[in-house]
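Colleague: Right, I'll just put the structure down here and ask away after.
The values are calculated or read from the model by the stated rules, or taken from the named source; none is laboratory data. What you see is a predicted model, and the numbers here were worked out from it, not measured in a lab. Note: ideal-geometry Cβ built from the backbone for every residue, glycine included; neighbour counts use all protein chains shown.
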Amino acid sequence: MSHSNSVFSQLLKLISGHEFETLAKTHHKGRVLRTMSRWSQFVALSFAQLAGRCSLRDIVSNLDKQRRKSYHLGIAKVSRSSLARVNELTALSILRRIILEATGTMSKLGA
């Protein structure tokens with residue numbers, strides 16, 4: 001059986017998960033996130049944006065249906081309460097800066 005990456009997976013490959021987490025740690029202020037990584041949050045919010053999902057329940061439900069593929073995206077099971085808590089603690093301006101820095105670094109490298 002042949003394997004092919006989804007379009008969403010190909011889009012996420014433009015941003016290195018390791019580099020994203022490193023930048024997230026430098027921009028992080030406050031308590032440590034215990035249940036969910038910033039990468040998982042980013043993947044869930046990106047999925048929601050691209051798929052047109054508008055509620056946490058809808059986002060989590062759709063990610064749960066794609067659980068076998070989510071492993072390859074580098075995220076674990078996402079719960080509604082964890083996503084709500086992480087969204088509450090994280091300012092979106094931090095995610096915006098992290099993405100801009102990650103894509104800026106990639107463009108300098110010619111990726």
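Colleague: Where the second residue is exposed (fewer than 14 other Cβ atoms within 10 Å of the Cβ) and part of a helix (DSSP H, G or I) and the first is in contact (Cβ under 8 Å) with a residue 40 or more places away in the chain and lies in the stretch 35-63, which pairs have Cβ atoms under 8 Å and are six or more apart or on separate chains?
Modeller: As it stands, the answer is LEU50/LEU11, since those pairs meet every condition given.
Colleague: Return yes when SER2 is exposed (fewer than 12 other Cβ atoms within 10 Å of the Cβ) and modelled with pLDDT under 80 and no when it is not.
Modeller: When the stated conditions are applied, SER2 passes them.
Colleague: Can you tell me which residue among SER37, SER16 is at pLDDT below 85, of a type in the set (Gly, Ala, Ser) and closer than 13 Å to LEU95 by Cα?
Modeller: Being at pLDDT below 85, of a type in the set (Gly, Ala, Ser) and closer than 13 Å to LEU95 by Cα holds for just one of SER37, SER16, which is SER37.
Colleague: I've got another one for you. When only residues in the stretch 92-111 that are among the hydrophobic types (A, V, I, L, M, F, W, C) and surrounded by 11 or more Cβ atoms within 10 Å (Cβ to Cβ) count, which is modelled with the lowest pLDDT?
Modeller: Kept after step one, since they are among the hydrophobic types (A, V, I, L, M, F, W, C), are these residues of the stretch 92-111: 92, 94-95, 98-100, 102, 106, 109, 111.
Adding the requirement that they be surrounded by 11 or more Cβ atoms within 10 Å (Cβ to Cβ) leaves 94-95, 98-100, 102, 106, 111.
Working: ILE94: 72, LEU95: 74, ILE98: 72, ILE99: 73, LEU100: 78, ALA102: 68, MET106: 53, ALA111: 49.
Here the answer is ALA111.
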